[in-house]
Amino acid sequence: MADFPSKVTTETSSTPTQSSQQGGNSLRGLTASVTNIMDMSFIRSIPAILMMVEICLGLLHWALIASAPYTWIPVYGWVMFVAVTLWILTTILFLMILFSAQQKITFIPWHLTVMVYNAAATFLYLTAFLTNASTVHPYQYFYFYGHLAAAAFFGAVVTVAYGASAFFSYLDWKGDGGNAATNTVPT
């Protein structure tokens, strides 16, 4: 039986054209460099999934309120402020963690910062949700009742998502990510 050569080349005998060499691998190289920069293990984690839920449903929450005449009820200014501000900050935080900013900016205690942010966001979104839900009346602003009621529902879901994020970021900050079997110290 013949031995397989240690170095195998996969090139064909035809020479590639100049145009395929210039543009053919540039997109592949660009995507390879972007995925090398991104933390792909973060996307598969529970905190990342919760942040994506917060971003998507938070956008839906404030879009539903913005589509109704929220200026007629002054308390919706608070709801819009909380929803839009936390949506922007969560998007920025998600991108910073996705592109590993915590490894580049080491003087910030990231676990503590994310935990405090999620706890504050939970509290602020809870006040915004309660404000939103308390002002939804079926006979007042009848045409926009569905918008405001749906916004109250999505506000509750986003509040729960921020609460879960606060819990998981507390576990990260505490450093108790394992189970009892892996954390025991032999005596």
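The values are calculated or read from the model by the stated rules, or taken from the named source; none is laboratory data. This is a predicted model, so every value here is computed, not measured. All Cβ positions, even for glycine, are placed from backbone atoms using ideal geometry, and neighbour counts span all protein chains on display. Ligands, DNA and RNA are stripped out before the accessible areas are found, and what is left, the full protein with its side chains, is counted by its heavy atoms. Shrake-Rupley method; radii C 1.70, N 1.55, O 1.52, S 1.80 Å.
Within the set of pairs 6 or more residues apart or between chains, which connect a residue that is of a type outside the set (Gly, Ala, Ser) inside region 39-58 to a residue that is assigned to a loop (DSSP other than H, G, I, E, B) and open to solvent by less than 30 Å² (accessible area, probe 1.4 Å) with Cβ atoms less than 9 Å apart?
Pairs found: ASP39/SER100; PHE42/SER100.
Only one of (1) under 17 Å from LEU60 (Cα atoms); (2) at pLDDT below 90; (3) among the hydrophobic types (A, V, I, L, M, F, W, C) is not met by ALA101, so which one is it?
ALA101 satisfies every listed condition except (1).
Tell me which residues, restricted to region 46-84, are modelled with pLDDT of 90 or more and more than 19 Å from ALA156 (Cβ to Cβ).
Correct list: ILE46, PRO47, ALA48.
Where in region 54-145 are there helices (runs of 4 or more DSSP H), lying fully within it, with 3 or more residues that are among the hydrophobic types (A, V, I, L, M, F, W, C) and open to solvent by 80 Å² or more (accessible area, probe 1.4 Å)?
Qualifying helices (runs of 4 or more DSSP H): 76-98, 110-134.
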